[in-house]
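For reference, the structure discussed in these notes is given below.
The values are calculated or read from the model by the stated rules, or taken from the named source; none is laboratory data. Because the structure is predicted, anything quoted here is derived from the model rather than measured. Every residue, glycine as well, gets a Cβ built from its backbone with ideal geometry; the counts of neighbours run over all protein chains shown. Please note that ligands, DNA and RNA were not included when accessible areas were found on the heavy atoms of the full protein model with its side chains. Shrake-Rupley method; radii C 1.70, N 1.55, O 1.52, S 1.80 Å.
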Amino acid sequence: MKRNDYVIAPVELSGPAGVAAIRHHCVRRLQTDTAGLADKFFNQRLLRESFDIKLDAGCLLLQGHEVPGAGRYNVYVALQNTSLCFVLHRSVEMEGPKGQQGRRQAMKDILRNRRSLHQALLEADGRGFAAIVDRSSLPLHDTPSYVFSFFVFEGLTEDDRKGWNPEFRILADPSVIGIEPDAGEEEEVVVLDNDAAAADETGMNLSDIDRHPDSVAYATWSTIVAACWGETGHIERTKAMVLGLELKLQAAWNKCHELSGRIEQGIDGGWKDDPEQVLVGFTRALESIRGVVSATISHRDQLCFDRLRETSRIDEQIDTLDRRLELVQRYVERQRSMRQESQQRRLTFVLGLIAIMEFVVGIVAFARGDMQPWLGWSVAGGGVMIAVVWAVFTFEWYRMPFRG
């Protein structure tokens, strides 16, 4: 039996220049990938035709990269619009003692390695993603703020399918045996050897989200655990399905999260760009996210994706972004109202000057006898009328801010 370990870590790019630089870097990397590892890993035809996923670029970044304390992984990047995803992958042959005791020990080792992997990748001292960016010369200024890892087991015998199924469930939801998925370094990974039956019974509550008879998949907030057997084509498609759907989902989730944060910063600190253009850009981004999570795909994949969407809580992120956009809309309306008030102030100022000039000119001309009395009084009267209009505008200007 072979275990495939995957990690997806998304980064939302800002600006077309950053996107173009990443795409150019991927093109150059693809030219040096003579073995075609990226093409084999990202089966873009399969992703596009089966799962409605189109990568703008995808390449092998590093081969056999050593993650401190976690082992060697191939590091890929996938670009979808403005979302860049780091993808780490390795295949591990599952060897060791048989029986439930051996499976529980293997599960304990997997959980410990997963914890070390997450901690190492998110290190802020240059050993995590910063080291990957430096080694690969990737033109990226930001690094991921979180990682999502999952497992796909393949090549299972009939005995493996019967014996490992409880462990697959527990691996997907370690909390059933008292393990927090994101436990700290000081917390030891422990399995309940003496209460295996209770753990198995609890784990049975987690349902299989894959309806195919030759595969199973269990999904929670923290991970996915899938297993597949049978024909090679089915195995490859199952691995591509889980990877493709998670690329799609994690990119959309992170885009929601990042855009919400940028909106908050803009509202608190002011926008560097025209807020109306910002609103248009964010609205389009929200619509693209909704399009991603609502796209129609094949029946089997749709059932899996609906469950993944539920466990990821992406709908909550979309609702949060929607509420943030309402704040931007109010901000834009307030800015528009302030511009209108500013224009009104300028208009009242100009009317006041004209009124004063008209009145003064009329009185001076009448006093000097430079024009007929009726004309002087007309000019002065016009000035008075303009002054009245000016007073009305001024009154409206002062009264507007106090309206409910």
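Values as computed for the structure displayed
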| read-out | value |
| --- | --- |
| Complete set of residues in region 38-68 that are exposed (fewer than 15 other Cβ atoms within 10 Å of the Cβ), more than 20 Å from the chain's Cα centre (by Cα) and either under 28 Å from residue 305 (Cα atoms) or among the charged types (D, E, K, R) (or both) | 40, 45, 48, 49, 66 |
| Exclusive hit being in contact with a helix residue (DSSP H, G or I) (Cβ under 8 Å, 6 or more places away or on another chain) and either without any contact (Cβ under 8 Å) to a residue 12 or more places away in the chain or surrounded by fewer than 18 Cβ atoms within 10 Å (Cβ to Cβ) (or both), set 139, 144, 166, 174 | 139 |
| Pairs with Cβ under 6 Å, 6+ apart, first in region 308-321 and under 20 Å from residue 218 (Cα atoms), second open to solvent by 60 Å² or more (accessible area, probe 1.4 Å) | 311/221 |
| Where residue 221 falls short, out of the listed (1) within 18 Å of the chain's Cα centre (by Cα); (2) aromatic (Phe, Trp, Tyr); (3) closer than 13 Å to residue 304 by Cβ | (3) |
| Criterion: more than 20 Å from residue 13 (Cα to Cα) and modelled with pLDDT under 85 - qualifying residue of 269, 281 | 269 |
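Yes/no matrix, rows are residues, columns are (1) more than 13 Å from residue 312 (Cβ to Cβ); (2) buried (at least 19 other Cβ atoms within 10 Å of the Cβ); (3) at pLDDT 90 or above:
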{"position": "195", "(1), (2), (3)": "yes, no, no"}
{"position": "224", "(1), (2), (3)": "no, yes, yes"}
{"position": "228", "(1), (2), (3)": "yes, yes, yes"}
{"position": "248", "(1), (2), (3)": "no, yes, no"}
